[in-house]
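The structure appears below as structure tokens.
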């Protein structure tokens with residue numbers, strides 16, 4: 001019965017994701033009009049921007065901003081009011097630790113053996129000495145965190161990022177990176193444990209807490225962008241793309257570094 | 001004959017010597033120089049932000065300091081990007097003026113959020129055009145942030161040309177932000193100037 005319950009939840013989630021995809025398909029009708037090819041400079045800029053769904057993306061951006069204003073941001077502010085930064089750090093470590101096995105698998109698929117080893121050691125150390133991932137002693141031992149996901153693995157395999165997507169609820173993404181959303185739902189150690197209501201509730205609680213913790217960490221940054229950018233949509237798009245490119249560089253750098261020196265040596269030393 | 005060859009050779013070599021001199025000047029700033037520059041500039045910033053005085057006084061002091069340590073004109077031209085060729089000289093001047101003003105407002109906006117700030121220089125990496133200085137900034141009640149400062153030698157002294165946070169460059173982000181306003185308005189630079197002016201007006205009324 002409980003297994004069925006979990007399966008039912010997953011099915012509903014898949015349906016929701018399917019609905020999202022259908023919405024996007026409908027959104028295709030809201031395409032940006034490219035400048036004529038004869039206008040070389042503007043045409044090249046349009047190609048480089050790679051955001052043919054901009055009108056639809058902007059609609060979802062407005063939707064998410066409304067959602068954020070009335071739900072996420074007030075909750076995050078309340079959360080900051082009742083917690084201290086150390087508590088928020090521990091919540092962050094815990095959420096990060098739960099995702100570590102998925103990172104190990106991704107690093108192996110990316111052909112980054114040192115990163116995979118570091119990630120594996122992090123999970124081992126933080127889950128035990130770090131009391132279930134609440135602390136991060138692995139970093140102090142030289143096993144620094146490097147983030148990765150399925151989108152970045154596909155990038156390492158040469159899959160181009162594809163057009164920019166701004167997804168309802170999930171936010172900035174791309175055709176390649178959207179694969180992260182279903183992958184992350186299934187890529188936690190909880191999936192290996194026998195299904196139970198308690199585990200399911202834990203999943204909801206952990207997911208919700210992680211979401212609020214992340215939003216809380218971004219309170220000032222998002223406020224600042226909204227206050228200072230001329231076009232916040234374009235600013236978030238630029239930040240997202242730069243951040244993904246930088247993650248790819250970091251994965252390569254850290255993997256190389258492990259072969260040349262101690263793990264966790266700051267990258268500027270080499 | 002020898003003399004003529006010498007003169008010709010000298011004439012040919014002169015521009016090269018100039019180039020070598022320029023190269024030597026460009027290399028004059030070492031990673032340690034850049035680190036010392038960021039350390040000193042950062043301490044001045046921290047002193048102003050954490051010091052006494054009204055917010056207006058602090059804003060004025062910060063504006064003066066920023067104009068000394070940041071190559072605002074160069075950053076502005078970088079941000080305007082390819083539209084620098086589209087803008088008329090008058091528009092370019094207006095852009096620079098508005099860009100300076102906006103930068104001041106954006107910095108003033110941050111003062112309150114960074115109360116109690118402290119920082120340490122953690123390293124420096126030579127780059128093609130300058131040095132990237134790494135720092136860790138700690139603000140009470142917030143997670144520490146790693147911030148990189150791109151320092152280049154401009155006009156014979158080190159100047160900040162970019163700020164890197166979590167792999168994202170401030171000047172690239174701003175360039176993309178501004179370019180979006182221009183392309184949304186059919187490539188019009190005057191639309192960008194209007195948007196910048198509106199933003200300044202909005203910031204000015206919010207700070208009153």
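Computed log10 I(q)/I(0) for chain B at 0.10, 0.16 Å⁻¹: -0.54, -1.16, from the Debye equation with unit scatterers placed on every C-alpha and solvent omitted.
What does the convex hull of the alpha-carbon atoms of region B:119-208 project to on average, in nm²? The partial results should precede the final answer.
Numbers: hull surface 36.1 nm².
Result: a mean projected hull area of 9.0 nm².
Quick note on region A:167-222: its Rg to Rh ratio, both from C-alpha atoms and Rh being the Kirkwood radius, is 1.04.
Relative to the longest principal axis of the Cα atoms of chain B, the long axis of helix B:189-206 lies at roughly 40 degrees. The protection proxy used here, the mean number of other Cβ atoms lying within 10 Å of each residue, ranks peptides B:113-122, B:46-55 as follows, highest first: B:113-122, B:46-55. Extension gain, residue A:63-residue A:75: 0.36 nm per intervening residue step, less the Cα-Cα distance, totals 2.6 nm. Peptide B:106-119 has a mean shielding of 1, counted as Cβ atoms of other protein chains within 10 Å of each residue's Cβ.
Note the angle between two axes, namely the Cα long axis of helix B:55-69 and the longest principal axis of the Cα atoms of chain B, as a number of degrees from 0 to 90, rounded to the nearest 10. With rounding to tens, the tilt is 10 degrees.
Computed on the Cα atoms alone, the convex hull of region A:48-90 gives a volume of 100 cubic angstrom per residue. Inverting the pair-averaged 1/r between distinct Cα atoms of region A:127-270 gives 18.1 Å as its Kirkwood hydrodynamic radius.
Across region A:184-256, Cα-Cα pairs farther apart than 14 Å form 75% of the total. The simple spin-label model puts a point 7 Å past each Cα toward its Cβ; for residue A:44 and residue A:218 those points are separated by 3.3 nm.
Peptide B:140-146 has a mean shielding of 3, counted as Cβ atoms of other protein chains within 10 Å of each residue's Cβ.
With the Kirkwood sum run over all distinct C-alpha pairs, region A:103-171 has a hydrodynamic radius of 13.5 Å. Residue order for A:54, A:184, fewest other beta carbons within 10 angstrom first, comes to A:184, A:54. Ordered by the number of other Cβ atoms lying within 10 Å of each residue's own Cβ, fewest first, B:194, A:148 fall into the sequence B:194, A:148.
Given Cα positions, please report Rg to Rh for region A:19-168, the hydrodynamic radius being the Kirkwood one. Rg divided by Rh gives 1.10.
Take each residue in A:235-242, count the other chain C-beta atoms within 10 Å of its C-beta, and the mean is 6.
Each value in this text was obtained by applying a stated rule to the coordinates, not by laboratory testing. Values in this document were obtained by computation on a predicted structure and should not be read as measured data. Please note: Cβ atoms are built from the backbone with ideal geometry, for glycine as well, and neighbour counts cover all protein chains shown.
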